[in-house]
Every structure is written in C-alpha cells, then in structure tokens.
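To start, the structure itself, in structure tokens.
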Amino acid sequence: MIILLGETAAAREISEYLQNREIEFKRILTWTGKAFLQIPSLILDASPPSSSVKLAPLRQWCEQRGIPYLRLERPETVIPDSSLIYPVFTWEEALLELGQRVGAVYEAKERIVTIFVTTGSHQLESIVQSAFARSARLVVRVLPEGRLVQKCQAMGIAPRNIVAMQGQFSKEINKALFKFYGADIILTRDSGSAGGTDTKISAALELGIETVLVKRPKTNVGLTVNSVQELLDWVDINEELQHFR
C-alpha cells in the first residue's frame, strides 16, 4: 500500500491519479509521529516545504526498513535583490522579523499595520499570540475549506479578514488583493514557482510592500522529484516492479 502525505494542491492531484488507476493508497494530511499500522510499500511526500524538518524521523524510519520515500520538492524561487524582501530560514526567525517590521511601520505610519499572511492557518496561532499582534491586523489567505475558515475564526480572525481562495494566483490577482486589504507586510513561504511565490513577490515589489519570506530549511530530503509528473512516472515504475515480484 502507498502512503501519500500532504494537503497541498499537488497532493490532491496525486490522490486523484491514484484513485483513477485504482492503486491502493492512504492519504494522510498531517503525520503525527506515530508508526503505521500497515507497513507501506512506498511513501509519497507532497507536503509543504515547511514540513521537511518535521518529517525527517519518518524518512529515517523508512530508510531503516528499506521502504522507498519519494519527496516532491519544488525548485527554489529566484529571489530578486531588494531591500523590501526579508529572507529567513525558520518560523522563529520569521516571527522576530515580523515583530521588527511591524514596529518600524507602526512607528513610521502611526497606525495599525496590516500583515497579509499567505502561509495558511498552519502556525497562525503563534502570530496571533505574539506581542506585535497588538499593533497589527492579520489578513489570512487559506484554502476554501470550512474547517480552515473555522480554525481562523476560532483564533479571533474576523471573517472579513479571511480570504478563502484556492490558487495559483497571478501577479495581477495578488496585487488586487494586497491593495484591497491595504497590506503593509506580506508573509509567505518559498514554495517555488509552482506554489506562486514568484507572483506574490513581484506583486508586492510593484506595490512597494515589504515581504518576510520563509526560505526552505537546509536539509537532506533523500530521493526527490521536482514535478508531479516525475512523481507519477516513478509511481508507475514502482507499481510495475511490485507486479512482477
């Protein structure tokens, strides 16, 4: 049986492919660190780049048992050289940078600072509970799923500040959203061009908006592919090998 990790658009595409091929699989949105009840024949990791460090023990577990672990790793975004972009490598660094940027903008403009969060609801609570949140208004873009909207509301995010939309988004759409909500700072992750990082950054730069960019952690993720099609080709080969065993 194949285990598919992730709730990304890529994971949904892979899930649909496996269903159409009638390949037995189980999709897990978030790995909790527990061992699987059934030993899988293959693990497909289509989770966001931010999950890479968290999933390191699972990769080690697979390596010890000879289970193939295939990671969909989008190519990193080429970041323009701009004083408006603040790259960081951990969430903790992102919170520190956000605090500094909010403080600077608040002091300069003497008003509440609007942070447009494009990292979804994951780790959103740490922003809501931060000291700088008292000087900020959070606008959060999440997938149009009821549980995610409810999660944001439970944290105190007003419905008018929840943008429930599914990307990818063009530069023009990003610009329109950033302008409509009066964004002062954009918070995003480097999810590659496939995740729309380049269009978010270019939109923010054209509007003169600061961007705190969470880069990918420098980790060894083992066997990787750079596109969904590469991953699906690998699945087909694996299925043929399983068939002839």
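The values are calculated or read from the model by the stated rules, or taken from the named source; none is laboratory data. Source: prediction; values computed, not measured. Cβ placement follows ideal geometry from the backbone for every residue including glycine, while neighbour counts extend to all protein chains displayed. When the accessible area is computed, the model is the full protein with side chains, heavy atoms only, and any ligands, DNA or RNA have been set aside. Shrake-Rupley method; radii C 1.70, N 1.55, O 1.52, S 1.80 Å.
Relative to the present Cα-Cα distance, how much length would full extension add between Ser193 and Glu63 at 0.36 nm per residue of separation?
Working: separation 130, 0.36 × 130 = 46.80 nm, distance 2.99 nm.
Answer, rounded to one decimal: 43.8 nm.
With angles folded into 0 to 90 degrees, how steeply does helix 171-180 sit against the dominant principal axis of the chain? Use alpha carbons for both and round to 10.
So the helix axis and the longest Cα principal axis differ by about 40 degrees.
Could you list, in their original order, any pairs among Lys109/Lys175; Lys26/Lys54; Lys26/Lys200; Lys54/Lys179; Lys54/Lys175 whose Cα atoms are separated by more than 28 Å?
Values: Lys109/Lys175 21 Å; Lys26/Lys54 20 Å; Lys26/Lys200 33 Å; Lys54/Lys179 35 Å; Lys54/Lys175 33 Å.
Cα-Cα > 28 Å for Lys26/Lys200; Lys54/Lys179; Lys54/Lys175; rest within.
Could you put Lys179, Lys151 in order of accessible surface area, largest first, with the 1.4 Å probe and the full protein assembly present? Write out the running numbers ahead of the final one.
Values: Lys179 135, Lys151 85 Å².
Output order, biggest surface exposure first: Lys179, Lys151.
Within the set of other residues whose C-beta is less than 13 Å from the C-beta of Arg59, count the net charge using Lys and Arg as +1 and Asp and Glu as -1.
On the way: positive: Lys54, Arg65, Arg71; negative: Asp45, Glu63, Glu73.
Net charge in that neighbourhood comes out at 0.
Using Cα springs under 10 Å in a Gaussian network model of the chain, which residue among Val142, Val78, Val128 shows the largest mean-square fluctuation?
Val78
Considering only protein heavy atoms and a 1.4 Å probe, what is the carbon-and-sulfur percentage of the accessible area of the chain? The partial results should precede the final answer.
Details: 6550 of 12700 Å².
That share works out to 52 percent.
So, taking all protein chains as they sit and a 1.4 Å probe, how much accessible area belongs to Arg189, in Å² rounded to tens?
40
Give me, ordered by chain and number, the residues 5 or more places off Val163 or on other chains with an amide H under 5 Å from its own placed amide H.
The list, which skips near neighbours in sequence, is Val140, Arg141, Val142.
Expressed as an acute angle from 0 to 90° and rounded to the nearest 10, what is the orientation of the C-alpha long axis of helix 197-207 relative to the principal long axis of the chain?
Once rounded, the angle reads 10 degrees.
Which order do Phe25, Phe180, Phe89 take by accessible area at a 1.4 Å probe, largest first? Please report the intermediate quantities before stating the final value.
Details: Phe25 45, Phe180 155, Phe89 95 Å².
The residues order as Phe180, Phe89, Phe25, largest area first.
On a 1.4 Å probe surface of the protein chains, which of Thr197, Thr30, Thr90 comes out largest in accessible area, and what is the full order?
Ranking Thr197, Thr30, Thr90 by accessible area, largest first, yields Thr30, Thr90, Thr197.
For the range 40-80, list residues with backbone N below 16 Å from a point placed 7 Å from the Cα of Ala9 toward its Cβ?
What the label zone holds, given the 16 Å backbone N cut-off, is 46-49, 73-75, 77.
With every protein chain left in place and a probe of 1.4 Å, what is the accessible surface of Asp198, to the nearest 10 Å²?
Spelled out: Asp198, probe radius 1.4 Å, area about 70 Å².
At Gln129 and Arg21, where each label point lies 7 Å from the Cα along Cα→Cβ, what is the point-to-point distance in nanometres?
The modelled label-to-label distance comes out at 4.1 nm.
Per DSSP H run of n ≥ 4, the term is -39500 (n - 2.57); total these for the chain, divide by its residue number, and report the mean residue ellipticity at 222 nm rounded to 500 deg cm²/dmol.
Numbers: 8 runs with 93 residues, N = 245.
Using -39500 (n - 2.57) per qualifying helix, the result is -11500 deg cm²/dmol.
Can you give me the accessible area per residue for the chain, using a 1.4 Å probe, in Å²? Intermediate values should be presented prior to the final figure.
On the way: 12700 Å² over 245 residues.
Per residue, the chain has 52 Å² of solvent-accessible surface.
Of Trp91, Gly156, His122, which is farthest along the charge dipole of the chain in the positive direction, counting Lys and Arg as +1 and Asp and Glu as -1 at C-beta?
Gly156
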